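The structure appears right after this line, and notes come after that.
The values are calculated or read from the model by the stated rules, or taken from the named source; none is laboratory data. Here the structure is a predicted model, which is why all the values come from computation and not from measurement. Heads up, the Cβs are rebuilt from the backbone with ideal geometry, glycines too, and the neighbour counts pull from every protein chain shown. Ligands, DNA and RNA are excluded from the accessible area calculation, which covers all protein heavy atoms including side chains. Shrake-Rupley method; radii C 1.70, N 1.55, O 1.52, S 1.80 Å.
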Amino acid sequence: MSGDKNDPFDAAEPFRNLLENPLFNLSGEAMKALFAGALPGRDAMELAGLSTELPSGMDLGDLGEWAKASAEMQQMWMEFVTHQAGLAAEKTQGGFGAGASLPDPAQWLVISQSMVQQMPQKLFAVQAKLAQDSFELWQGVLGRIGAALSGKSQDEAATLDTEGLPPLPKKDRRFADPAWQTQPAFALLHQTYLMLAEYFREAVKSMDGLDSEKRKQLEFAINALAEAMSPGNFLLTNPVVLKRTVETRGQNLVKGMRHLITDLKRGQLTHTDPNAFTLGENLAASPGKVVYETELFQLIQYSPSTTEVYEVPLVIFPPWINRFYILDLNPKKSFVKWAIDQGITVFMVSWKSADESISDLVWDDYIRAQMDAIDQIMQRLKAPSVHTIGYCVAGTTLAATLAIMARRGEAQKVKSATFFTAQVDFERSGDLKHFIDDSQLEMIGQLSPQGYLDGRYLAATFNALRGKDLIWNYVVNNYLLGEDYPAFVLLLWNGDVSNLPSKCLNQNLRDLYRDNKMVVPDALEADGTPIDLTRVEVATYVQAGREDHIAPAESVWQITEHFRGPLEFLLAGSGHIAGVVNPPAAEKYQYWLGDSDADSLDAYIEGAVEHPGSWWPHWLAWLEEQSSKKVPATGKRNPGGRGDTVIEDAPGRYVKAR
């Protein structure tokens with residue numbers, strides 16, 4: 001395997017050294033029995049300490065049920081292989097050329113391969129300290145269980161629970177089930193794993209001769225690989241899965257195989273029940289009309305729910321990496337509905353998922369689209385100006401748009417600008433930077449033969465930023481335990497990806513994330529106009545998430561160093577999504593208000609006052625300070641009325657295109 005330079009699984013090569021470590025060559029009778037087979041007999045299960053986990057009366061000798069489960073899985077796999085072979089034949093006949101194929105989202109693993117190949121090999125050598133720590137850990141774990149069993153009968157030992165045991169040295173919620181705590185083999189296994197993972201993380205931190213960026217990349221790669229190697233991710237080393245397998249006679253694995261094959265066909269991990277939600281019905285259901293469209297976006301105007309509305313309308317620019325309905329999930333979690341109910345005329349841009357028709361678009365086109373949307377709204381409503389919101393990458397783009405409009409003498413078109421977790425200075429932009437160097441930028445081109453990047457690659461990348469929660473947790477639940485998918489709307493949105501023009505993506509990653517040119521006056525230009533953020537003087541509201549791992553708060557804060565107009569900074573509880581989508585009725589989280597002129601985020605936090613609940617009402621009060629005049633919600637303020645030509649009902653076609 002290691003001889004094939006294109007093999008994505010070479011990324012795991014360094015951890016072969018870990019697995020060959022004598023610490024994993026467990027010679028105890030319990031571990032021998034555990035690894036004797038995936039579905040061992042009762043004697044072997046007893047040796048592994050699992051017989052106490054079996055339902056009373058269950059007979060592992062009932063091979064008929066096991067044979068049925070095995071046959072079902074084999075049949076499903078053969079059907080999948082046949083299906084994939086058919087697809088491959090269709091691609092070849094479709095004119096992609098010899099040796100060419102559509103991009104396979106599984107190739108996202110190659111991104112981490114280049115990082116791993118640069119790791120110093122001495123990192124994976126077993127040091128004397130590791131051996132000593134290992135001995136002490138094993139002695140402690142076995143001694144803990146031995147002391148608890150001392151003086152107990154065989155029946156009492158079989159029913160030992162965590163209350164009868166002292167706490168283990170290392171804690172991790174992945175191993176919270178009592179089976180991980182009370183069975184000696186599994187207690188020893190997961191404690192050894194946690195010790196080794198911690199050792200490698202600490203080894204990276206203490207290594208000499210690494211620059212800051214290389215060290216961060218190495219830390220990220222080590223963490224990702226450690227998460228992948230968790231014993232909880234494998235059938236034979238997860239006592240909870242083994243117990244479920246015995247209880248269901250393998251039907252959990254049949255169901256898990258069905259989930260796995262479905263995901264392999266769609267090229268993406270499923271997090272939630274895809275049939276639980278329907279766009280326009282119980283998702284993105286706020287009433288409105290598409291009033292304008294281009295090849296890149298549709299402009300939605302929502303219907304008012306009040307008799308009067310604020311004179312200055314609001315346009316929201318969501319990120320084009322995902323779909324706009326993150327701000328219109330359902331009536332209880334909809335920022336759109338809440339804003340409408342406050343009397344705001346709300347417009348939403350719905351970006352088109354890239355295909356060959358827009359594969360040549362670049363960042364300039366998204367900036368022009370924002371300016372076009374602003375002009376269309378002002379013309380449609382005869383409004384003096386507009387309020388704007390830019391979320392994430394669309395907020396970055398909004399900053400560039402504002403700088404260009406200021407330079408062109410058009411700053412008066414925007415009454416205010418609000419930024420949801422948006423960065424303009426990428427010096428401290430967080431874990432996403434670990435995916436960005438010359439090799440990764442080149443990889444994007446290789447994965448985009450038709451000029452656009454399949455959104456599933458980006459989904460995999462963002463999931464990898466929180467692999468423990470967004471990848472491996474679902475591998476265990478979906479594939480090993482065979483659990484039903486939950487109906488979780490936020491996870492549905494997270495997986496509803498959008499394709500991106502590769503030229504635009506490469507441009508953003510190179511000029512913004514890698515080279516950080518946006519904060520250098522006139523270092524970048526778009527639509528023929530140089531970008532200088534210090535020219536932006538519009539009233540600005542900046543929201544950051546305290547636990548945001550995609551746009552870290554300290555990175556978002558940097559916008560205060562570049563804009564020159566009045567600025568209000570707010571730090572919200574939670575992260576990139578929950579920190580934004582926090583309706584007042586939920587009574588969750590909190591936010592902090594401090595001195596927006598402080599020298600640093602730390603100084604801001606030191607003097608900030610914590611407030612419970614949602615920050616949305618505070619934003620509304622700030623917005624009203626910018627313009628409080630109201631007008632009747634009549635005429636084109638209510639889209640689709642008499643004499644008003646519209647294109648279609650919200651949420652429109654673009655959000656449904658895949």
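Quickly run through region 239-275 and pick out the residues that are open to solvent by 30 Å² or more (accessible area, probe 1.4 Å), in a loop (DSSP other than H, G, I, E, B), in contact (Cβ under 8 Å) with a residue 12 or more places away in the chain and over 30 Å from VAL362 (Cα atoms). Correct list: ARG249, ASP273, PRO274. Only a single item in (1) open to solvent by less than 20 Å² (accessible area, probe 1.4 Å); (2) touching a Phe, Trp or Tyr at 6+ places or on another chain (Cβ under 7 Å); (3) at pLDDT below 85 is not met by LEU196, and it is number (2). Quick one: is GLY635 small (Gly, Ala, Ser) and open to solvent by less than 40 Å² (accessible area, probe 1.4 Å)? The answer is no for GLY635. Put simply, of TYR541, TYR589 the only residue that is open to solvent by 10 Å² or more (accessible area, probe 1.4 Å) and in contact with a Ser or Thr (Cβ under 9 Å, 6 or more places away or on another chain) is TYR589. Keeping to region 521-549, report how many residues are among the hydrophobic types (A, V, I, L, M, F, W, C) and under 28 Å from ILE605 (Cβ atoms). Looking only at that region, the number is 6.
Taken together, ASP438, ASP360 contain a single residue that is more than 28 Å from VAL290 (Cβ to Cβ) and open to solvent by 10 Å² or more (accessible area, probe 1.4 Å), which is ASP438. The test for being in contact (Cβ under 8 Å) with a residue 40 or more places away in the chain, open to solvent by 40 Å² or more (accessible area, probe 1.4 Å), within 22 Å of TRP557 (Cα to Cα) and not aromatic (Phe, Trp, Tyr) holds for HIS618.
Quick check, is GLY445 open to solvent by 10 Å² or more (accessible area, probe 1.4 Å), at positive phi and either assigned to a loop (DSSP other than H, G, I, E, B) or touching a helix residue (DSSP H, G or I) at 6+ places or on another chain (Cβ under 9 Å) (or both)? The answer is no for GLY445.
In region 385-393 there is at least one residue that is within 25 Å of the chain's Cα centre (by Cα) and open to solvent by 10 Å² or more (accessible area, probe 1.4 Å). Checking every residue in region 553-572 against the condition of being open to solvent by 20 Å² or more (accessible area, probe 1.4 Å), in a loop (DSSP other than H, G, I, E, B), of a type outside the set (A, V, I, L, M) and within 26 Å of PHE324 (Cβ to Cβ) gives zero matches. So, ALA603, is that one open to solvent by less than 50 Å² (accessible area, probe 1.4 Å), of a type in the set (Gly, Ala, Ser), farther than 29 Å from LEU296 by Cβ and not in a loop (DSSP other than H, G, I, E, B) or not? Judged against the criteria, ALA603 is a match. Total residues in region 284-301 satisfying the condition of being of a type outside the set (A, V, I, L, M) and surrounded by fewer than 23 Cβ atoms within 10 Å (Cβ to Cβ): the figure is 6. For region 468-488, check the following and say yes or no: at least one residue is open to solvent by less than 20 Å² (accessible area, probe 1.4 Å), polar (S, T, N, Q), at pLDDT 95 or above and on the phi < 0 side of the Ramachandran plot. Checked region 468-488: no residue is open to solvent by less than 20 Å² (accessible area, probe 1.4 Å), polar (S, T, N, Q), at pLDDT 95 or above and on the phi < 0 side of the Ramachandran plot. Looking across region 226-238, the residues that are surrounded by fewer than 22 Cβ atoms within 10 Å (Cβ to Cβ) and in a helix (DSSP H, G or I) come down to ALA226, GLU227, ALA228, PRO231, ASN233, LEU235, LEU236, THR237.
Scanning region 508-537 for residues that are buried (at least 23 other Cβ atoms within 10 Å of the Cβ) and within 23 Å of GLU625 (Cα to Cα) yields a count of 1.
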